[in-house]
1. Only one of these is closer than 22 Å to Trp132 by Cβ and either among the basic types (Lys, Arg) or touching a Phe, Trp or Tyr at 6+ places or on another chain (Cβ under 7 Å) (or both): Arg79, Arg15, Arg54. Name it.
2. For segment 24-38, enumerate the residues that are in contact (Cβ under 8 Å) with a residue 12 or more places away in the chain and open to solvent by 10 Å² or more (accessible area, probe 1.4 Å).
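The values are calculated or read from the model by the stated rules, or taken from the named source; none is laboratory data. Every value quoted in this text rests on a predicted model; they were computed, and no experiment measured them. Virtual Cβ from ideal backbone geometry, glycine too; neighbours counted across all protein chains shown. Just so you know, the surface numbers come from the protein's heavy atoms only, side chains and all, with ligands and any DNA or RNA stripped out. Shrake-Rupley method; radii C 1.70, N 1.55, O 1.52, S 1.80 Å.
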Amino acid sequence: MGKVIDSSVLVAAERGQLDLRKALEDHRDEGFAMSAVSASELLHGVHRLSGQKRATTEAFVEGLLQHMPVLAFDLMSARLHAQLWATLAAKGAKVGERDLLIAATAMARGYGVVTRDERSFPKIPGLTVDRW
């Protein structure tokens, strides 16, 4: 099964809190990608920075975008997202909007999610969640 790496993991790597190369090497038998939503979150972070920190972070993010597949939020993802959203709403479960988009993108492809976010992703029924 492939895994979609959530932006929380990628931000931790950028901040030096996680050795992303080692983590990917330790799980080399699995395929990895990021969602277009996570790409947007990372790029948003770049645009909020200035000076040397912006240049360093932008280089890191652009390196990720060049080497990691980015999965689009397509119609199959949208259908699954709508179903999950309705199911969670009926239960009164609160899940971050972007997190649900990321989860639907992963699940539509039969992927799980790798994250550091323990609030939203574990609430999503049927989603395999790994924590790095």
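1. Arg15
2. Within segment 24-38, His27, Glu30, Gly31, Phe32, Ala36, Val37 meet the criteria.
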